[in-house]
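The structure appears below as structure tokens.
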Amino acid sequence: MAEVTSGFSQKLNAFNTKINAFFSFIGTKLKNYPKLSIGEKISYPSIALGVILIITSIILFVV
């Protein structure tokens, strides 16, 4: 049982590290938002809206 818990903790820590790196990258990009190209200024909000709509549709499907 200790092996399973240890393996799960390691996977969770690796996942946490990847998520933190992702949000750090996004935070750095958004900090320099005025300097981004027009394509990036359009794509970031579009992707965020898409993710929000997918999450909303999953919630509405389950409920």
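A few notes on this one:
- The alpha-carbon atoms of the chain define a convex hull whose volume equals 104 cubic angstrom per residue.
- Extension gain for the segment I52 to S24, taken as residue separation times 0.36 nm less the Cα-Cα distance, is 8.1 nm to one decimal.
- Listed from fewest to most Cβ neighbours within 10 Å, the set E3, E40 follows the order E3, E40.
- Segment S43-I59, extension gain: residue separation times 0.36 nm, minus the distance between their alpha carbons: 3.3 nm
- Helix-only [θ]222 nm of the chain, DSSP H runs n ≥ 4, -39500 (n - 2.57) each, per residue, nearest 500: -31500 deg cm²/dmol
Only the coordinates and a few stated rules stand behind these numbers; no lab work does. For clarity, every value in this text was computed on a predicted model and none was experimentally measured. Please note: Cβ atoms are built from the backbone with ideal geometry, for glycine as well, and neighbour counts cover all protein chains shown.
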